[in-house]
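Read the structure below first, then the notes.
The values are calculated or read from the model by the stated rules, or taken from the named source; none is laboratory data. Small disclaimer: the values here were computed from a predicted structure and weren't measured. Note that we place each Cβ from the backbone using ideal geometry, even for glycine, and neighbour counts take in every protein chain shown.
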Amino acid sequence: MVWHARSTIDAAGCYVAVNDSLVKRHGLRHKALVIGRRPCDCCAGDFGRIPSEQDAKVLRTGRALLDHLEQQWHVPRKPVWWQPVLALTLAPSPHSQIGMLTLAGS
């Protein structure tokens with residue numbers, strides 16, 4: 001499996017950097033329309049709520065999200081495939097998460 005950086009998220013759960021695929025799946029044309037927003041701000045229903053809750057848990061606990069399959073979608077919010085996802089915290093010390101990096105497998 002090859003892992004690709006999907007997004008970098010700050011301590012508040014907002015996107016700081018995203019890949020082109022994530023932007024396209026949200027039905028947007030530019031990364032700037034996603035930066036500073038959480039998944040639940042970009043996508044309605046469970047497709048926004050579940051990733052936002054997962055991100056908050058990783059940031060709160062500092063525990064990586066491993067061995068996780070996440071359903072991917074394309075606008076207009078139609079699920080199309082399952083993708084392996086890793087979420088790793090960015091922490092200069094054990095108790096100070098400054099954000100997280102999410103990776104998608106292919």
Exercise for the section: Would you be able to say whether some residue in region 69-81 is modelled with pLDDT of 75 or more and in contact with a helix residue (DSSP H, G or I) (Cβ under 8 Å, 6 or more places away or on another chain)? Expected result: no
Exercise for the section: State all residues of region 21-53 that are acidic (D, E) and at pLDDT 90 or above; if no residue qualifies, say none. Expected result: D41, E53
Completion exercise
Scanning region 25-40 for residues that are part of a helix (DSSP H, G or I) and without any contact (Cβ under 8 Å) to a residue 12 or more places away in the chain, the one surrounded by the most Cβ atoms within 10 Å (Cβ to Cβ) turns out to be L33
Handout entry: Members of region 13-23 found to be touching a residue at least 12 places away in the same chain (Cβ under 8 Å) and over 21 Å from I98 (Cβ atoms), listed by number
Key = S21
Exercise for the section: Evaluate the following for V85: is it modelled with pLDDT under 90, closer than 17 Å to G105 by Cα and buried (at least 17 other Cβ atoms within 10 Å of the Cβ)? Expected result: yes
